[in-house]
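Take a look at the structure below.
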Amino acid sequence: MDAVDKLVVRFHFNGEFLFDGKNTCYVNGREALSYIDRKKVSLNEIRDQAKEHCEVAEKALFHWCFLGNQ
């Protein structure tokens, strides 16, 4: 399997969003990595991967950014 066959997802959880008037940052909490088969990427798959690292409420909101963006 080639490295591009996997999507690396870094989860941040149990923290909070702070807005300083200009930028929004996620602070405190913890981080974890998951490697998802690109052919299986979906919101359900991302939710299942997150559940391996922390408790995920049924109506949890997910926020994401692409590498290099905040």
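Which FRET efficiency, nearest 0.05, do K39 and N14 yield, Cβ-Cβ r, R0 30 Å?
On the way: r = 30 Å, r/R0 = 1.00.
The calculated FRET efficiency here is 0.50.
Can you tally the lysine pairs in the chain where the Cα-Cα distance is under 24 Å and the two residues are eight or more apart, or on different chains?
Numbers: K6/K39; K6/K40; K6/K51; K39/K51; K40/K51; K40/K59; K51/K59.
Total qualifying Lys-Lys pairs in the chain comes to 7.
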Point-to-point label distance, V27-E52, nm (Cα→Cβ direction, 7 Å offset): 3.1 nm
Phi-based couplings in Hz for segment 59-65 (Karplus 6.51, -1.76, 1.60; Gly and Pro marked x): 9, 5, 9, 10, 10, 9, 9
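Quick check on the chain: helices-only [θ] at 222 nm, where DSSP H runs of length 4 and up contribute -39,500 (n - 2.57) each and the sum goes over total residues. Nearest 500, please. Intermediate values should be presented prior to the final figure.
On the way: 1 runs with 9 residues, N = 70.
Result for the chain: -3500 deg cm²/dmol, rounded to the nearest 500.
Values quoted throughout were computed directly from the atomic coordinates according to the rules given, and no laboratory measurement underlies them. From a predicted model like this one, the values you see are computed outputs, not experimental measurements. Methodologically, a virtual Cβ is constructed for each residue, glycine included, from the backbone with ideal geometry; neighbour enumeration extends over all protein chains shown.
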